[in-house]
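The values are calculated or read from the model by the stated rules, or taken from the named source; none is laboratory data. As the structure is a prediction and not an experimental result, all values here were calculated from the model. Glycine also receives a Cβ, built like all others from the backbone with ideal geometry; neighbour counts cover every protein chain displayed.
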Amino acid sequence: MCDNAKNFVGAKRELDELARLFDSQQFKEAVLRHTTEDRIELRFIPARSPNFGGLWESAVKSFKILFKRTIGTRSPVYDQMQTVLAQTEAILNSRPLTPTSNDPDDFEALTPGHFLVQRPLTAIPEPNLCAIPENRLSAWQMVQAYTQKLWKKWSEQYLSNLHNRTKWTRQRYNIAIGTMVVLKEENLPPLKWQLARVTEVHPGSDGNIRVATVRTKDGSYRRAISKICVLPIRDNLPMSEEEN
């Protein structure tokens, strides 16, 4: 039961049209034909079993931890929270996964954003607001400061996970020429990843590579292996090398 406010009347009209659409046999046949042509199949994990969705649940966990550390006990208003969540979603879905091609001159990587909007997710660079006291920031600047802090923490954590350094108990593969990598760079704006291709390797006296020359869109640089992160999905290595 409600009054005759225009938004309520309009909502009822929209729901009625939606109900008629769902009951339409022509609509049902169109949906079935489309899903059949595109081979769309829905699969569901068991109820109350989030451990079955490890891939996306790990991303949710990563977001929750960083969001709590960034926002803390603050209480942003609805619009601020909505903007922060949208920008955080873009940050998480901008991470590079694998090269889009084997062309050494191609510096574009496949990201989760390609599956959502068919292109990389981008953002307009904003001034660095992390060092400015919050009482001097406007509502928009406050949101950008939250986003920048979360980006800084998450990107560092993500790149560190890609370059996990453990005790050498077995021989690992040496980085190969032509491999696409992400460079560890400081003070990059949100959604900005420094992608490069390895053009030359410099083995040490023991045969292990600790320095490599990489080429970006802006030029070539020599970087230590500790500052180079190989993309998480590599399809250019033999299985034996990946296992080593």
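Close Cβ contacts (under 6 Å, 6 or more residues apart or on different chains) running from residues in region 123-145 that are over 15 Å from Asp79 (Cα atoms) to residues that are part of a helix (DSSP H, G or I) and among the charged types (D, E, K, R) comprise Cys130/Lys149. Output the residues belonging to region 99-147 that are outside any loop (DSSP other than H, G, I, E, B), of a type in the set (A, V, I, L, M, F, W, C) and under 20 Å from the mean Cα position of the chain (by Cα). Listed by number, the residues that qualify are Ala109, Leu110, Phe115, Leu116, Val117, Val143, Ala145. Residues in region 160-182 that are under 15 Å from Pro99 (Cβ atoms) and at pLDDT 85 or above: Ile175, Ala176, Ile177, Gly178, Thr179, Met180, Val181, Val182. Only residues that are part of a loop (DSSP other than H, G, I, E, B) and either at positive phi or among the hydrophobic types (A, V, I, L, M, F, W, C) (or both) were counted in region 185-215, giving 5.
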